[in-house]
Structures are given as structure tokens and as C-alpha cells.
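Working notes, beginning with the structure itself.
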């Protein structure tokens, strides 16, 4: 539908969507709606692309989130399950299920903390780190392609503007970093 070049979906163009919204809701600011709708569609399509890349590597998007959290924690890439659950916005039960699966796939290990036998530590394995690195390599190629038409100045400006928008949402919705439901 619409004159969306290269599109294979029947999704209306942004312009068609905004026209329909304006028809039904006269107070709509078309400039704001175009920005928000474009961001939403871009986010959805990027998530699909990243999901395909991780699937090609034999890991799920959920696995990727855990690997990323462990890498972001810094060497030696270790965290407790409850810290991981909080970071990812998951329930402890969902985190346990995810860790069980990742241990079976040799992406992480789960061991008792030698200094506190009650505490469990999840640690990134060499295989898990290699999967993370390969996912980063694939994402880097995709992202460079995505931004190829933007000059360095446009990239800087876009990054600054999106960061300001993100800060506004984070300030207004500080508890919205996690998920509404457990996704596995």
C-alpha cells in the first residue's frame, strides 16, 4: 500500500498514516506524529534486523541482552542473577529460566561465590564472549549501512537530539527501562 519504495509490507506510508490520524483526531500535530511514527517504525525494523542477526549466530535476542549486560559490567564479566534480572527488567523466575538455558548452551557459567556460598555468580564464557563479539560485528555493518547517507555532522546532531529525547523520557518515566512482561 502507498508509495513506500522498497517496502514489501502493506503498511501505509507515514504520510498516509498521518492523514488517517488527522481525519480521526483533528488536534494532531503532523510534525510531531511524523517524528514519533518514524522512530517507532525504525525501532521495530531495527529490532527485527538484530533478531535475525542473533538468530543466525544461534542465540536469541534474550540471550543477547544477558551477554550485553555481562560485557557492560566489565571484566571479569560477572554478575549475580538478581542484579541481571533488575538490569533487564525481568522477574527472578524468568532470569533463572534464561540463565538455565544459557548455561546449557555454554554461553555463561553459574557458580557459587567462593566468598559467600549463598550467593550465585553468573559469568560470561569464552564462547559467550565470542557470540557477543560476532553479534557486534554484524550490528556494526548494519548500523554503518543504516547511517551511510548522513554526514558526520548530521550523525552528531541526530545523536544529540535523540539523546535529549531519551533523557526526557527517562526523567518522565524512570521505571520504564525494563519490560512490561517477561519475553523469552
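For residue 108, all conditions in the list (1) in contact with a strand residue (DSSP E or B) (Cβ under 7 Å, 6 or more places away or on another chain); (2) modelled with pLDDT of 90 or more; (3) over 19 Å from residue 130 (Cβ atoms) hold save one; what is the number of the exception?
(3)
Within segment 56-166, which helices (runs of 4 or more DSSP H) (wholly inside it) include 2 or more residues that are under 22 Å from residue 43 (Cα atoms) and in contact (Cβ under 8 Å) with a residue 60 or more places away in the chain? Spell out the reasoning first.
Working: elements: 61-72, 81-88, 92-104, 126-146.
Those helices (runs of 4 or more DSSP H) span 61-72, 126-146.
Could you pull out the residue among 155, 137, 119, 129 that is out of contact with any helix residue (DSSP H, G or I) (no Cβ under 6 Å at 6 or more places or on another chain) and over 23 Å from residue 69 (Cβ atoms)?
155
If we scan segment 95-102, do we find a residue that is out of contact with any helix residue (DSSP H, G or I) (no Cβ under 8 Å at 6 or more places or on another chain), in the same structural domain as residue 141 (by TED's automatic domain parsing) and more than 30 Å from residue 18 (Cβ to Cβ)?
Keep residues of segment 95-102 that are out of contact with any helix residue (DSSP H, G or I) (no Cβ under 8 Å at 6 or more places or on another chain), which gives 97, 100.
With in the same structural domain as residue 141 (by TED's automatic domain parsing) added as a condition, the list becomes 97, 100.
Next, from what is left, pick out any that are more than 30 Å from residue 18 (Cβ to Cβ): 97, 100.
Yes, segment 95-102 has at least one match.
Among the candidates 113, 175, 145, which residue alone is over 18 Å from residue 79 (Cα atoms) and either modelled with pLDDT under 95 or in contact with a strand residue (DSSP E or B) (Cβ under 7 Å, 6 or more places away or on another chain) (or both)?
175
The values are calculated or read from the model by the stated rules, or taken from the named source; none is laboratory data. Note that the structure is predicted; figures quoted are calculated from it, not measured. FYI the Cβ positions are ideal-geometry reconstructions off the backbone, even for glycines, and counts take in every protein chain you see.
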